[in-house]
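First the structure, in the form of structure tokens, and then the observations on it.
Bear in mind these aren't lab numbers, they're just calculated from the coordinates by the rules spelled out. Predicted, not measured: the structure shown is a model, and the values here were computed from it. Here the Cβ positions follow ideal geometry from the backbone for every residue, glycine too, while neighbour counts run over all protein chains shown.
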Amino acid sequence: MNIYQDILSAKIAGKKLLAVLIDPEKINLENIPSFLNKVHQSIATHIFVGGSTDKNHQTENVVIAIKKATHLPVVLFPGDVAQITQKADGILFLSLLSGRNPEYLIEQQIKAAPFLKNTDLEILPTGYILIDGQKETATQRVSSTKPIAQTSIELIINTALAGEFSGKKLIYLEAGSGAKVPVDENTISIVKNNISIPLIIGGGIRSKQQIENTFNAGADMIVIGTAFENNESFFEDLKSSKFTQYN
Ligand code: 1GP
């Protein structure tokens, strides 16, 4: 499995990717097989695992249960170094570029380095940019950083470019889990036109129409968590037959 190469190939082929985000604090281990059954009938291509916190230290157990029940790549999306487990396939090695808190720009990454050095996890250097989703999100609270206003287009573009120039392989524009409004389509298309690495969009995407709009605006990958936690029948809307233009 080469997660990044597959993302790049999909981008080149115009094949859109959808990651289902599983938060270890919000799923019961026994529900994982049936949840993944629904995932497999949808257009989902990746499983992300993570949350801003993992108070019960369930990440590793959740990843083990997911790996038993899926063939899809399982990628850690960790809120902090304690959420890293070698049982996954890869890790978004995030730097919170929108914030000015050194803990999430480089300190957590340094703490993770000795562990990562001894694992086979595929490391995906990711510039993580928090955009205002009109709701104070857990990422904001935990990282003690402010999101960038949706109207600050130049700052968003320059932050994404700074990420690419410093070697990030992915840019993730994040409105925050449960955001009231997702990242604006205009922002997505402008950022898309300014960077050459794959673009991930997440936060507050809850409908098939929003997914289509986000893909059409230029997202290479969309991440959805809350919409599935609240309503598993949403997967019904995401059967591949309903997305013939993408898959
Ligand atoms: C959060 O981008 C992800 O980090 C997904 O957001 O939970 O709002 O889908 P939602």
Q | Residues with amide H under 5 Å from that of I148, placed H, sequence gap 5 or more | A | L130, I131, D132
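Among DSSP beta bridges whose residues both lie in the chain, state the antiparallel percentage, nearest 5.
Numbers: 1 of 34 bridges.
The antiparallel fraction comes to roughly 5 percent.
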Q) What whole number of Å gives the distance from the Cα centroid of region 88-165 to the Cα centroid of region 178-233? A) 17 Å
(Q) Please compute one quarter of the surface area of the Cα convex hull for region 201-247 and express it in square nanometres. (A) 3.1 nm²
Q) Over the Cα atoms of region 1-111, what Rg and Dmax result, in angstrom? A) 14.6, 41
Q. If we count other beta carbons within 10 Å of each Cβ, what is the order of S42, S240, fewest first?
A. S240, S42
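Would you mind counting up the charge near D23? Only other residues with Cβ under 13 Å from its Cβ, with Lys and Arg at +1 and Asp and Glu at -1.
On the way: positive: K26, K55; negative: E25, D54, E229.
Here the charged neighbours net out to -1.
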Q) Which value in Å is the Kirkwood Rh of the chain over different Cα pairs? A) 17.9 Å
**Q.** Calculated on alpha-carbon atoms, Rg and Dmax of region 61-200 in Å
**A.** 15.3, 44
(Q) Using a Cα-Cα cut-off of under 13 Å, which aspartates and glutamates could be cross-linked to K208, ignoring same-chain neighbours fewer than 8 residues away? (A) E236, D237
Q.
Show me the ranking of peptides 191-197, 222-228, 28-34 by mean Cβ neighbours inside 10 Å, starting with the highest.
A. 222-228, 191-197, 28-34
Q.
What are the extents of the Cα atoms of region 138-247 along their three principal axes, in Å, largest first?
A. 39, 32, 24
Q. So which of K87/K168; K111/K169; K135/K168; K67/K146; K55/K239 end up more than 31 Å apart by C-alpha?
A. K67/K146; K55/K239
